[in-house]
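*Asks:* Take a look at this one; I'll ask things after.
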Amino acid sequence: MTGEPRANLPPLSLHVPEPKFRPGDKAEFSDVIVPPAGSGRRPDPAEPAAQFHELAYGLVRVLDDEGNAVGPWAPRLTPDTLRRMLRYMALVRAFDERMFRAQRQGKTSFYMKCTGEEAVAVAATMALQRDDMTFPSYRQQGILIARDWSLVDMMNQIYSNKGDRLQGKQLPIMYSTREGAFFSISGNLATQYPQAVGWAMASAAKGDTRIAATWCGEGSTAEGDFHSACTFASVYRAPVILNVVNNQWAISSFSGFAGAEATTFAARALGYGIAGLRIDGNDALAVYAATEWAAERARTNQGPTLIEHFTYRAEGHSTSDDPSQYRSANEASDWPLGDPIARLKGHLVRLGEWDDERHAAQDLELAELVKRCQKEAEANGILGHGLHQPLDTLFDGVFEEMPWHLKEQRAQMLAEEEASGRPWALKS
Ligand SMILES: Cc1ncc(C[n+]2csc(CCOP(=O)(O)OP(=O)(O)O)c2C)c(N)n1
Ligand SMILES: [Mg+2]
């Protein structure tokens, strides 16, 4: 074989995806198919995975443009539950605003908002049991907030201060809490997927009743971990909910690079024999309903569900990102599925259970609450103002039994510190 192309065949070429809009372009979403709210079929939770084709390519929506909850997926929640959902989502946004600002003020090194995606974590968490195990990515702070986790504890972690239970060992926002049934966030994308499936398999193997839920971004579905997790989940019918948060962007790479031009992310499920649902991720009631459905399927040993939450990352990837460099300026404001908080608020107003005055008062109250918590957390110190964790804790809490090489490194570090004449840094 030589490397000579054959004259009678066309030369091969690659398709390189290109986003439709770049800075300076006017983004326009007329090609995004938005089926009417209420139009998606709601199958029995025991339905075989082979019958999910239409649900994996469609878009389940509950809230219509007038704020009505319509169709077979409408979850029929009480006004109190709807108000609680709205409050958690607004609290996530207020928390994000404040912590983003804290990073800009130099009080911490890093922060990640989930603006525009608040429904994905909050509504899903409300549809799960409090002790179901969650394996989030870095954009589901809404899980902790919807579980009434302490905001001060979260902030202590963001500041890596004296009150940080993780002793400054994790990047800010990479929370971890066993009591919150919230698995340690990992910076390595998609590692939480096989971990969630493994945990779910263990739960089933032990005859427990708790299920697992995991979340990753659409970009992260390109990782091998995503695919091996799907195989294990399908083969063993693991009691797990696999969420793919399709927010259109993976830092500056648009979703086409993870495969969105060729198919939907929910359709990935079909090849594995997993039930796949593609839902409006900015519709808190659709998120709640799909999660409740998938939880019932898992809890009754009918197997896993993969839910694609079709949404939009309204702001930068993180405090280290500037989206104006790579995407059109009007994308977030013109996103055809709107803002999740405004839509749930509109529903409550439509029901006569909420109004603009109460909403504005709640926003003020939540901003004050976050500010008070921030003050309390800052009393434990902020990142960059000295060493909050004594050096001799550096190697603790990672391994149950510290390996010999870490013991050696620890001894060397302490000897060097001792010799440096700064013994204050050594005290626990
Ligand atoms: C294995 C791995 N590869 C690359 C990165 C760098 N990285 C961090 S976040 C990110 C984008 C992920 O995008 P997506 O999965 O869509 O999640 P989103 O940030 O949109 O929520 C990348 C490439 C990483 N942290 N880990
Ligand atoms: Mg993404």
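The values are calculated or read from the model by the stated rules, or taken from the named source; none is laboratory data. Everything quoted here is computed from the prediction, not taken from an experiment. Heads up, the Cβs are rebuilt from the backbone with ideal geometry, glycines too, and the neighbour counts pull from every protein chain shown.
*Asks:* For the condition crowded, with 17+ Cβ neighbours inside 10 Å, in the same structural domain as ALA123 (by TED's automatic domain parsing) and not in a helix (DSSP H, G or I), what is the one hit in LEU383, LEU337, LEU348? So that I can check it myself, show each step before the final result.
*Replies:* On the way: LEU383 fails: in the same structural domain as ALA123 (by TED's automatic domain parsing); LEU348 fails: not in a helix (DSSP H, G or I).
Sole residue among the options that is crowded, with 17+ Cβ neighbours inside 10 Å, in the same structural domain as ALA123 (by TED's automatic domain parsing) and not in a helix (DSSP H, G or I): LEU337.
*Asks:* What tally of residues in region 112-148 results from selecting those that are of a type in the set (Phe, Trp, Tyr) and surrounded by fewer than 24 Cβ atoms within 10 Å (Cβ to Cβ)? Break it down stepwise before answering.
*Replies:* Of all residues in region 112-148, those of a type in the set (Phe, Trp, Tyr) come to 135, 138.
Imposing the further condition that a residue be surrounded by fewer than 24 Cβ atoms within 10 Å (Cβ to Cβ) reduces the set to 138.
Final tally of qualifying residues: 1.
*Asks:* Looking at the structure I just gave you, is LEU82 over 30 Å from SER328 (Cα atoms) and in contact with a His (Cβ under 9 Å, 6 or more places away or on another chain)?
*Replies:* yes
Condition check ((1) within 27 Å of ASP65 (Cα to Cα); (2) buried (at least 19 other Cβ atoms within 10 Å of the Cβ); (3) modelled with pLDDT of 95 or more) across all residues:
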{"residue": "ASN246", "(1), (2), (3)": "yes, yes, yes"}
{"residue": "ILE251", "(1), (2), (3)": "no, no, yes"}
{"residue": "TYR272", "(1), (2), (3)": "no, yes, yes"}
{"residue": "ARG297", "(1), (2), (3)": "no, yes, yes"}
{"residue": "LEU306", "(1), (2), (3)": "yes, yes, yes"}
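*Asks:* Then there is this: So is GLU400 free of Cβ contacts under 8 Å to residues at least 40 places away in the same chain, of a type in the set (Asp, Glu) and part of a loop (DSSP other than H, G, I, E, B) or not?
*Replies:* Against the criterion (free of Cβ contacts under 8 Å to residues at least 40 places away in the same chain, of a type in the set (Asp, Glu) and part of a loop (DSSP other than H, G, I, E, B)), GLU400 qualifies.
*Asks:* Quickly run through region 192-227 and pick out the residues that are among the polar types (S, T, N, Q) and more than 30 Å from SER253 (Cβ to Cβ). Quick ask: steps written out before the conclusion?
*Replies:* Applying the first criterion (among the polar types (S, T, N, Q)) to region 192-227 yields 192, 195, 203, 209, 214, 220-221.
Hits for region 192-227 are SER203, THR209.
*Asks:* Now for a separate question. Could you grab me the full set of residues in region 338-353 that are more than 28 Å from the chain's Cα centre (by Cα), farther than 17 Å from ALA37 by Cβ and in contact (Cβ under 8 Å) with a residue 40 or more places away in the chain?
*Replies:* The one that is more than 28 Å from the chain's Cα centre (by Cα), farther than 17 Å from ALA37 by Cβ and in contact (Cβ under 8 Å) with a residue 40 or more places away in the chain: GLU353.
*Asks:* Enumerate the pairs (first residue in region 153-170 and at positive phi; second residue anywhere and assigned to a helix (DSSP H, G or I)) with beta-carbon separation below 8 Å, excluding pairs fewer than 6 apart on the same chain, so at least 6 apart or on different chains.
*Replies:* Once the first residue is at positive phi and sits in region 153-170, its partners that are assigned to a helix (DSSP H, G or I) give GLN167/THR393.
*Asks:* When the residues of region 229-254 are narrowed to those that are polar (S, T, N, Q) and within 14 Å of ligand 1 (Cβ to nearest atom), which ends up nearest to the chain's Cα centre (by Cα)?
*Replies:* Only one residue fits best here, namely ASN243.
*Asks:* Anything in region 316-339 that is within 24 Å of GLU28 (Cβ to Cβ) and more than 16 Å from ligand 2 (Cβ to nearest atom)? List them, or say none.
*Replies:* Applying the first criterion (within 24 Å of GLU28 (Cβ to Cβ)) to region 316-339 yields 316-317, 321-339.
ASP322, SER324, GLN325, SER328, ALA329, ASN330, SER333, ASP334, PRO336, GLY338, ASP339, listed by residue number.
*Asks:* For region 188-204, check the following and say yes or no: at least one residue is more than 16 Å from ligand 1 (Cβ to nearest atom), on the phi > 0 side of the Ramachandran plot and under 16 Å from the mean Cα position of the chain (by Cα).
*Replies:* no
*Asks:* Now for a different question. Collect the residues in region 210-242 that are within 16 Å of ligand 2 (Cβ to nearest atom) and either among the aromatic types (Phe, Trp, Tyr) or in contact with a Gly (Cβ under 6 Å, 6 or more places away or on another chain) (or both), keeping them in residue-number order.
*Replies:* If the condition is that a residue be within 16 Å of ligand 2 (Cβ to nearest atom) and either among the aromatic types (Phe, Trp, Tyr) or in contact with a Gly (Cβ under 6 Å, 6 or more places away or on another chain) (or both), then TRP215, PHE226 are the ones that fit.
*Asks:* Are there any pairs with C-beta distances below 8 angstrom linking a residue in region 250-269 that is closer than 18 Å to ASP322 by Cα to a residue that is more than 11 Å from ligand 2 (Cβ to nearest atom) and assigned to a loop (DSSP other than H, G, I, E, B), with the two at least 6 apart or on different chains, and if so which?
*Replies:* Matching pairs, first to second residue: ILE251/ASP321; SER252/ASP321; SER252/TYR326; SER252/ARG327; PHE254/PRO17; PHE254/PRO19; PHE254/ARG327.
*Asks:* Scan region 149-156 and give yes if some residue there is within 16 Å of ligand 1 (Cβ to nearest atom) and of a type in the set (A, V, I, L, M), otherwise no.
*Replies:* Looking for residues that are within 16 Å of ligand 1 (Cβ to nearest atom) and of a type in the set (A, V, I, L, M), one finds none in region 149-156, hence no.
*Asks:* Pull out all pairs, ordered by first then second residue, where Cβ-Cβ is under 8 Å, the residues are six or more apart or on different chains, the first lies in region 310-325 and is free of Cβ contacts under 8 Å to residues at least 12 places away in the same chain, and the second is assigned to a loop (DSSP other than H, G, I, E, B).
*Replies:* Every condition considered, the pairs that remain are ASP322/GLY316.
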